[in-house]
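Down below is the structure, laid out as structure tokens.
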Amino acid sequence: MCFLGCHKGRRLGYKCYLVYNNFEDYAGASRKCLERGGRMAMPRDRKEQEALADYVKSFFHPGNWPVWLGVNDLRSEGLYLFDDGTQVSYFQWRRHFLSSQPDGGKRENCVAMSSDDGDWWDHYCDRNMNYVCEFDDRVSL
């Protein structure tokens, strides 16, 4: 699985990112990534975020299609966790005078990234959108 992901997707260090251009809700996207031997993308720092944003932008260019990331605050409002349960310490929230994120309160608990600028937005978890999986390239096949 990971071997294919790196050839079709984007490699960064030991991670391989692969965009899936089909719509799933948050739980469905997470399940699909797990079934493929990975997990939803979890950018842990600026370097990973920028590489992931560049890849997603090039995949969907010139359009803007949001993609699910493996980030949510389902457990506790305002406490953002990665799908593996670790706390998120780097954020790329949308900041704009008309619409700053996160803005959904207890209603929007799952995080997606815009494909045009890489900014994060909180969304309803049952919204259907594309998603990005990450695979650990250190796993031998």
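The values are calculated or read from the model by the stated rules, or taken from the named source; none is laboratory data. What you are looking at is a predicted structure, and each value in this text was computed from that prediction instead of being measured. Every residue, glycine among them, receives a Cβ derived from its backbone with ideal geometry; neighbour counts consider all protein chains shown. We work out accessible area using only protein heavy atoms, side chains counted, and drop any ligands, DNA or RNA first. Shrake-Rupley method; radii C 1.70, N 1.55, O 1.52, S 1.80 Å.
Once Lys and Arg get +1 and Asp and Glu get -1 on their Cβ, which of Asn22, Val111, Leu81 lies farthest toward the positive end of the dipole of the chain? Of Asn22, Val111, Leu81, it is Asn22.
With +1 on each Lys and Arg Cβ and -1 on each Asp and Glu Cβ, and nothing else charged, work out how big the dipole of the chain is about its Cα centre, in Debye to the nearest 20.
Details: 19 positive and 21 negative charges, 64 e Å.
In debye, rounded to 20, the chain gives about 300.
For the listed peptides 64-73, 26-35, a ranking on the average number of other beta carbons within 10 Å per residue, highest first, reads 64-73, 26-35. Label-to-label distance, Leu79 versus Asn128, with points set 7 angstrom from Cα along the beta-carbon direction: 3.3 nm. Rounded to the nearest 0.05, the FRET efficiency derived from the C-beta distance between Leu34 and Trp65 at R0 = 25 Å is 0.65. Carbon and sulfur atoms: what percent of the 1.4 Å accessible area of the chain do they account for? With neighbouring chains kept in place, the figure for the chain is 50 percent.
Lysines within cross-link reach of Lys32: Cα-Cα under 23 Å, excluding same-chain residues under 8 positions apart? Cα-Cα hits under 23 Å: Lys8, Lys15, Lys57. Diffusion of the chain by Stokes-Einstein, at 10 °C in a medium of 1.306 mPa s and with Rh set to the Kirkwood radius over alpha-carbon pairs, works out to 107 µm²/s.
Computed over the stretch 1-55, the quotient of the alpha carbon radius of gyration and 2.2 N^0.38 Å is 1.10.
Rounded to the nearest whole Å², what accessible area per residue is found for the chain with the 1.4 Å probe?
Values: 7620 Å² over 141 residues.
Computed with neighbouring chains in place, this is 54 Å² per residue.
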